[in-house]
Structure formats: C-alpha cells, structure tokens
1. Label points 7 Å out from Cα along the Cβ direction at E138 and Y22: separation in nm?
2. If packing is taken as the mean number of other Cβ atoms within 10 Å per residue, what is the order of 162-170, 117-125, 49-57, highest first?
3. Just grab the label-to-label distance for E108 and K93, each label 7 Å out from Cα along the Cβ direction, in nm (one decimal).
Amino acid sequence: MGTVQGGSVGDSTTERRTFVSYIDRTREYYRAQGYERPYRWAHFSEVPFAPLPRPLSQCRATVVTTASPLREQRARDGVLRGGKEVWSGPTSKPPERLYTDDLSWDKEATHTDDVESFLPLRSLAAHAAAGRIGSVAERFHGVPTDYSQRRTRDEDAPEVLRRCREDGVDVALLVPL
C-alpha cells in the first residue's frame, strides 16, 4: 500500500510513493528554514478528549481551522483577529476566503479556493438541519500553526477551549490545513 512498481525503462523493481509523506516534507521544510533540530511531532501520554455528554443529535458543534482571516480584513468588535493568535468568526456568515499561503500544504497538487473543504460550516449547518447534530455554535475558531508546541499547548489550546466552553460547544471538529 502506498507504493507502485515501476521506474526507468528496463527497471521494473523500482518503487515510488503514491502519496505525500507529510512527516518527511515537514522535517525537510524545517531543516531548510535553518532549524538545528528536526521537527519533533507532538505526542501526549494523556489525551484531552472526553466522551460526548449526550447523543450527537443533541450536541452543539463548531469547527476549528488553521487558516487565518485575509490580511486586509479588520477585527469586528474585537472578534475576528488574524495573525499568529487564536481568532473567531461567525458561523452564520462563513468567510468567502481565508488566508492559507503561509501554511504548509501541497500547493502544486491542490488549492484552497473552496473554503468549505477546510472550514465546513455549511455542511455542519446542513447536519444540524437534518437532526444529525443538535446545533451549530455561533462562532468557529482559528488557531495559528506554530513551531512552538509549548505555545500551542499552553496558550492557544486553552484559549480555544475557553471560547468553546463560552459558546456551549460539546463537539469541535478540528480541520487542520
């Protein structure tokens, strides 16, 4: 799985990958940026997940993305903040575009023109209308991607949790880009 046979003419034993190895690409990216140590993937012996407090059809849900507001957008009532900080936006009016150029995704094989593909708010609303989930929270949230696992763990994650609790969220759909 994940490889195909092939290669140069007369060489039928060469294998090549048929997928993008994000772990390898991430390590190469950070090495090219000049970091002395290769990227170390986060791991936790205890995970902060919990069982649903009620059936999914009765739960309030939201989405958390790693995309950012477009640079030309300004904060509205202090809610929509871009840059390298946690930000929130209204689920009732999904943004038509988000800023993704600073993130590591395969820009040659795909695009981010379809915001619904990484911020599925319309799909979430359709699931609520169909009774699959109880409701959609008033806000979705964005988190920065950061080399600092400490900052992600100690600052960004607690802020997203605080906002989700403030909104009465039972389920957060994490959609990294």
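What follows is calculated from the coordinates using simple rules that are stated; it is not laboratory data. Every value quoted in this text rests on a predicted model; they were computed, and no experiment measured them. Because the Cβ atoms are built from the backbone with ideal geometry, glycine has one as well, and the counts that use them run over all protein chains shown.
1. 3.2
2. Working: 162-170: 16.0, 117-125: 18.1, 49-57: 9.0.
Ranked from most to least packed, the peptides come out as 117-125, 162-170, 49-57.
3. 4.0
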